[in-house]
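Novice: Sharing a structure below in structure tokens format, with a few things to ask.
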Amino acid sequence: MIHTHRIRRCLLALVGLMPLSAWADIDVNVTGFIRQETSSAYGDTNVYNQGHGNVFSGVPVVNSFGNTITRAQPSSDPDWGIFATRAELDFKFRFSDSWEGFAKIRGIYEWRLDDEFDNFDHFESGFDSDRGSTLEINGENYMIDLPALYLDYNNGPLWLRMGNQQIAWGEAIFFRVFDVVNGLDLRRHSFLDVAAEEYSDKRVPSLGIRGSYRFQNDWEIEAFAQRFRPSVLSPLNTPYNFIASQFVTREEEGWDERDDKVNFGARLTGRAGNFDLSFMAVQRYNPDGVFRWTESDVNPFVGVPGLEPVGQLLANTAFEISPEGVWTGQEWFNYAGLSRLDGIEGLNASVAEFPAAQALGAFVVEPGICGVLGLPDLRGCATFQLDAFFDPLAGGLGPLKGHIAREYFREEIFGVGVTYVFNGEPNSLLDQLVLRVEATMALDRKFTNLNLSREYIEEDEFVSNVSLEKYHRFSNEFPATYFVLQWMHKSESDLLGRHVSGFDNDGVPGGESNFNAIAFALQQPFPGLIWRADLAVLYDTRGGYLIQPGVRWRPRDNIQLDVYANIIESDGDNDDVMETFEDMDEFFARMTFYF
């Protein structure tokens, strides 16, 4: 839990940067809102990554020993994804012509966690005393934080911002090409919020200093140094998690003692002829992290004579006995495919890298030993070994839950961006059409290995985005329509950062060579500007799509209602990113009162 003295220290440090004369005439402006946010699933609400939605629950499976194993039925089947009350207060301080300050206080209480998701810590992050950001306090179903607390200094061509802040580079919806500085907080609504908001409510704030200097009129250099904060994932078994519930995810050990991780970067922007140019260089810790097997440290036989040594061996493996774990080899391979992992090599890594697993009788699946056992098919051999450990009737331990650790590594990213505005016939589609191209190269980027080994995949990754956007008036009766069309290419990973070699996967990967997606969005205000229709579409060229239609109603300046739907489909071949979210179809709404 964050202590109030930390906030006081930050405030005093910021105030100390200003000269005393800045306090002579302070202008304070306060705004804010209170909002009710809800989402409700429709269709199949059994999200397979959640314990209650496990596809094997209640399904009899005959294992390698001829025993029928039936995974326990779920205890609940929740329909609500979000039922939260949210309030924000924004304070803007003007101290002088050169000094301004800004503070945002945000509070969220999630009501439905008391009933449908009891005992799940929805807001506790698992690292840094369970805080998602530095200036945050939280509990099982609430969070209060300061996503912004900074001072601005302006003096001619020089601008500085000091304090807790978000740094947003890039302008793409759905995709993050130049937007590499801050991680994302996915605890509230994962990636499924209003697409047109471009993650404005998702970036994890952090303490830092950022500044820019304008020169030769059309050029500006900007640089930053900011404390590293990782992306915050939706916890297991909460509505929007995308890591299977048979895992326990543990953050990098020693996080609290590693406050020295700092990201650095610079961006140069300017104009050359008819082109707006931008160049970027960032050295950062990748906030997405990578995952590997780790010791469970769970001994179920403490105090049981004769069994405690066995339990200690188990504690030194990557598994613990749990009814929430994997029950059969068939379930193991099915969920390996859904998770874009390699079922056989994942088992082998959990044995080869843990001597205690070998001491319990586990073996690396390979042709030699499988041939001796009369099981020449490697998948069948792996299934036999898994069933032997899962099935108590065959002398096994019972269902096993895997433990994985999340680690973060430094990388360097270089990027270039170009913007060009077309000049066509007045009122034509080409007139004032904006073409934007962003491209980055990340050097020696690490990805989670398909076997969850400590030997991570390491590749240079090229990411690019090409977009066309425009405001165009199709009718004299209606205000101008805004629309944007984008294409994104990633050479090594998908939208979630998973390596594409794990795709086309039924437990033994087939692999893809790259990831491509197309996005389209439009906003159409109605006469009087009380109503606005929205549409966003994300299409994975392997076959999956997300369609997000919506409508905004704002009858007065202080009242706004937003209603949206997320319609998600996949072709079911484990080759598109949408399969991970396929069962998260929903309606969601936000009623906001501004003051």
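The values are calculated or read from the model by the stated rules, or taken from the named source; none is laboratory data. Please read these numbers as outputs of a predicted model, since none were measured by experiment. Here the Cβ positions follow ideal geometry from the backbone for every residue, glycine too, while neighbour counts run over all protein chains shown.
Novice: Return yes when SER513 is assigned to a strand (DSSP E or B) and in the same structural domain as VAL282 (by TED's automatic domain parsing) and no when it is not.
Specialist: no
Novice: Since ARG340 meets every condition but one in (1) part of a helix (DSSP H, G or I); (2) at positive phi, which condition does it not meet?
Specialist: Only one criterion in (1) part of a helix (DSSP H, G or I); (2) at positive phi is unmet by ARG340, namely (1).
Novice: Output the qualifying pairs, or none if there are none: Cβ atoms under 6 angstrom, residues six or more apart or on different chains, first residue in region 565-594 and touching a residue at least 24 places away in the same chain (Cβ under 8 Å), second residue among the hydroxyl-bearing types (Ser, Thr, Tyr) and assigned to a strand (DSSP E or B).
Specialist: So the pair list comes out as GLU569/TYR545; GLU586/SER39; PHE587/SER40; PHE588/SER39; PHE588/TYR564; ALA589/THR38.
Novice: Which one is farthest from PRO230 (Cα to Cα) among residues in region 121-152 that are aromatic (Phe, Trp, Tyr) and buried (at least 19 other Cβ atoms within 10 Å of the Cβ)?
Specialist: Going through the qualifying residues, I end up with TYR150.
Novice: Taking into account only those residues within region 58-82 that are at pLDDT 90 or above and outside any loop (DSSP other than H, G, I, E, B), which is farthest from PRO323 (Cα to Cα)? If you could, list the steps in order and put the result at the bottom.
Specialist: So in region 58-82, the residues at pLDDT 90 or above come out as 59-71.
From the residues that got through so far, the ones that are outside any loop (DSSP other than H, G, I, E, B) too are 60-62, 68-71.
On the way: PRO60: 15, VAL61: 16, VAL62: 18, THR68: 16, ILE69: 12, THR70: 11, ARG71: 8 Å.
Only one residue tops the list, namely VAL62.
Novice: A further question follows. Which residue pairs have Cβ atoms closer than 6 Å, lie 6 or more positions apart in sequence or on different chains, and pair a first residue in region 32-61 that is in the same structural domain as GLU88 (by TED's automatic domain parsing) with a second residue that is in a helix (DSSP H, G or I) and modelled with pLDDT of 95 or more?
Specialist: PHE56/GLU331; VAL61/GLN330
Novice: Pairs only if they're at least six apart or on different chains, beta carbon under 8 angstrom, first in region 345-358 and part of a helix (DSSP H, G or I), second buried (at least 22 other Cβ atoms within 10 Å of the Cβ) and among the acidic types (Asp, Glu); list them, first residue then second.
Specialist: Cβ pairs passing all conditions: none.
Novice: Can you tell me which of GLY208, GLY273 is of a type in the set (Gly, Ala, Ser) and without any contact (Cβ under 8 Å) to a residue 40 or more places away in the chain? Before you say what the answer is, go through the steps one by one.
Specialist: Values: GLY208 fails: without any contact (Cβ under 8 Å) to a residue 40 or more places away in the chain.
Sole residue among the options that is of a type in the set (Gly, Ala, Ser) and without any contact (Cβ under 8 Å) to a residue 40 or more places away in the chain: GLY273.
Novice: Same structure, new question: Among (1) surrounded by 15 or more Cβ atoms within 10 Å (Cβ to Cβ); (2) more than 24 Å from the chain's Cα centre (by Cα), where does PHE515 come up short?
Specialist: Only one criterion in (1) surrounded by 15 or more Cβ atoms within 10 Å (Cβ to Cβ); (2) more than 24 Å from the chain's Cα centre (by Cα) is unmet by PHE515, namely (2).
Novice: Could you give every pair whose Cβ atoms fall below 7 Å, whose first residue belongs to region 153-165 and is in the same structural domain as ARG229 (by TED's automatic domain parsing), and whose second residue is part of a strand (DSSP E or B) and among the polar types (S, T, N, Q), counting only separations of at least 6 or pairs across chains?
Specialist: Between residues of region 153-165 that are in the same structural domain as ARG229 (by TED's automatic domain parsing) and residues that are part of a strand (DSSP E or B) and among the polar types (S, T, N, Q), the close pairs are TRP159/SER212; ASN164/SER206.
Novice: Filter region 456-505 for residues that are among the acidic types (Asp, Glu) and in a strand (DSSP E or B); which is surrounded by the fewest Cβ atoms within 10 Å (Cβ to Cβ)?
Specialist: The selected residue is ASP460.
Novice: In this structure, is PRO323 modelled with pLDDT under 95 and outside any helix (DSSP H, G or I)?
Specialist: yes
Novice: Quick one: how many residues across region 541-564 are within 20 Å of the chain's Cα centre (by Cα) and either surrounded by fewer than 15 Cβ atoms within 10 Å (Cβ to Cβ) or modelled with pLDDT of 95 or more (or both)?
Specialist: 4
Novice: May I ask you to say which residue of GLN523, GLN560, GLN548 is assigned by TED's automatic domain parsing to the domain that holds ASP193 and in contact with a Ser or Thr (Cβ under 6 Å, 6 or more places away or on another chain)?
Specialist: GLN560
Novice: Do you know which residues across region 137-166 are part of a loop (DSSP other than H, G, I, E, B) and touching a Ser or Thr at 6+ places or on another chain (Cβ under 9 Å)?
Specialist: Matches in region 137-166: PRO157, GLN166.
Novice: A follow-up question, please. Could you check GLY53 against (1) at pLDDT below 90; (2) of a type in the set (Gly, Ala, Ser); (3) at positive phi and say which number it fails?
Specialist: (3)
Novice: So, one more: What's the number of the condition GLY303 fails, among (1) free of Cβ contacts under 8 Å to residues at least 12 places away in the same chain; (2) on the phi < 0 side of the Ramachandran plot?
Specialist: Unmet condition: (2).
Novice: Further, regarding this structure: Would region 401-414 turn up any residue that is farther than 30 Å from GLU353 by Cα, surrounded by fewer than 16 Cβ atoms within 10 Å (Cβ to Cβ) and in the same structural domain as PHE247 (by TED's automatic domain parsing)?
Specialist: Going through region 401-414, the residues farther than 30 Å from GLU353 by Cα turn out to be 413-414.
Now drop any that are not surrounded by fewer than 16 Cβ atoms within 10 Å (Cβ to Cβ), which leaves 414.
Imposing the further condition that a residue be in the same structural domain as PHE247 (by TED's automatic domain parsing) reduces the set to 414.
The answer is yes; a qualifying residue exists.
Residue-by-condition table, conditions (1) among the aliphatic types (A, V, I, L, M); (2) within 35 Å of the chain's Cα centre (by Cα):
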site: ASP288; (1), (2): no, yes
site: ASN299; (1), (2): no, yes
site: PRO305; (1), (2): no, no
site: VAL310; (1), (2): yes, no
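Novice: A further question follows. What's the number of the only condition in (1) out of contact with any helix residue (DSSP H, G or I) (no Cβ under 9 Å at 6 or more places or on another chain); (2) touching a residue at least 60 places away in the same chain (Cβ under 8 Å); (3) surrounded by fewer than 22 Cβ atoms within 10 Å (Cβ to Cβ) that PHE422 fails to meet?
Specialist: All conditions are met except number (2).
Novice: Working only within region 207-246, note down all residues that are assigned to a strand (DSSP E or B), polar (S, T, N, Q) and more than 20 Å from ARG410 (Cβ to Cβ).
Specialist: SER212
Novice: Filter region 365-380 down to the residues that are β-branched (Val, Ile, Thr) and under 15 Å from VAL351 (Cβ atoms), then identify the one that is surrounded by the most Cβ atoms within 10 Å (Cβ to Cβ).
Specialist: Checking each candidate, the answer is VAL365.
Novice: Still on this model: Quick test for you: out of LEU12, LEU17, pick the one residue that is more than 29 Å from ASN558 (Cβ to Cβ), at pLDDT below 85 and not in a loop (DSSP other than H, G, I, E, B).
Specialist: Values: LEU17 fails: not in a loop (DSSP other than H, G, I, E, B).
Residue meeting the stated conditions: LEU12.
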